[in-house]
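Right, one structure below, let's go through it.
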Amino acid sequence: MKAMILAAGFGKRMKEVTKKLPKSLISIGDKTLLERTIENLVNFGIKEIVINVSWLSELIMSQIGDGTKYGAKIHWSEEVHPLETGGGIYKALDILGNKPFITINGDIWIEPEAIKLLLDNYKVHMPGLLLLATNPDHNSEGDFSIESGLIAYENPRHTFAGLSILSKQLFELHDPSNKKFPLIDIFNLWIEKKDLFGIYYQGTWFDVGTKERLLECENYVRYFEDF
């Protein structure tokens with residue numbers, strides 16, 4: 001299985017930090033978010049990885065390189081202007097191939113067990129399997145519910161953790177003339193068809209989208225890695 005890491009965003013909410021540094025290159029402890037994600041994927045045998053880049057792309061590409069130092073093979077998907085989450089994946093489908101692939105946001109920290117949970121529960125008939133997590137304070141209403149294994153919009157809702165297994169099939173309903181779009185547009189089509197799957201993850205994860213959440217993540221990781 002291949003993976004795609006979404007790292008093409010501007011990081012507008014952290015402009016003081018990301019003006020000169022992409023969010024994916026923010027360090028948590030002694031490693032960047034991107035390096036931690038790559039290493040977690042490789043540890044589960046996922047060694048061929050696509051990374052989309054746009055803002056300060058040259059910094060990301062020069063630091064990560066071809067992936068050799070991580071035991072991976074990195075493919076770069078460059079975007080002149082960010083294509084959002086859905087558009088970024090859609091652009092890279094030819095590199096990702098016809099088999100299901102993991103997608104993970106480049107600005108999250110999540111325990112490796114979350115990847116294992118997805119891999120253990122994915123079935124070949126699923127167009128997509130989304131990982132939902134406990135709602136953080138900044139998204140207290142949540143995003144989706146899980147009803148008999150399917151993603152829905154009932155209550156109570158959980159938060160999409162930015163980690164999923166998707167298939168090329170998932171994008172067959174998309175209008176190819178639309179190059180820039182959020183992944184939620186695709187999800188909604190399959191939720192309506194009652195054919196998008198979800199699983200609930202009870203472990204720890206952080207969306208490192210603000211300086212406050214970055215500090216919270218740093219403190220958590222520092223405690224457990226020093227423990």
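The values are calculated or read from the model by the stated rules, or taken from the named source; none is laboratory data. What you are looking at is a predicted structure, and each value in this text was computed from that prediction instead of being measured. Don't worry about glycine lacking a Cβ; one is built from the backbone with ideal geometry, like all the others, and counts go over all protein chains shown.
Can you say whether residue 162 is assigned to a loop (DSSP other than H, G, I, E, B) and either of a type in the set (Ser, Thr, Tyr) or under 16 Å from residue 188 (Cα atoms) (or both), as far as the supplied structure shows?
In short, no.
Restricting to segment 167-201, name every residue that is part of a loop (DSSP other than H, G, I, E, B), surrounded by fewer than 16 Cβ atoms within 10 Å (Cβ to Cβ) and of a type in the set (Ser, Thr, Tyr).
Selection gives 177 alone.
Starting from segment 74-95, take each residue that is under 15 Å from residue 60 (Cβ atoms) and in contact (Cβ under 8 Å) with a residue 12 or more places away in the chain and list its partners that are charged (D, E, K, R) and not in a helix (DSSP H, G or I), counting only C-beta distances under 6 angstrom and pairs at least six apart or across chains.
Cβ pairs passing all conditions: 74/66.
Could you check segment 37-67 and list, in sequence order, the residues that are among the β-branched types (Val, Ile, Thr) and over 16 Å from the mean Cα position of the chain (by Cα)?
60, 64
Could you pull out the residue among 93, 117 that is within 21 Å of residue 39 (Cα to Cα), surrounded by fewer than 22 Cβ atoms within 10 Å (Cβ to Cβ) and modelled with pLDDT of 95 or more?
Only one candidate qualifies: 117.
What is the one condition in (1) more than 25 Å from residue 3 (Cα to Cα); (2) touching a residue at least 12 places away in the same chain (Cβ under 8 Å); (3) not polar (S, T, N, Q) that residue 163 does not satisfy?
(1)
For segment 215-226, check the following and say yes or no: at least one residue is closer than 21 Å to residue 143 by Cα and either part of a loop (DSSP other than H, G, I, E, B) or more than 17 Å from the chain's Cα centre (by Cα) (or both).
no
Only one of 204, 159, 210 is over 27 Å from residue 90 (Cβ atoms), β-branched (Val, Ile, Thr) and buried (at least 16 other Cβ atoms within 10 Å of the Cβ). Can you tell me which?
Exactly one residue qualifies, and that residue is 204.
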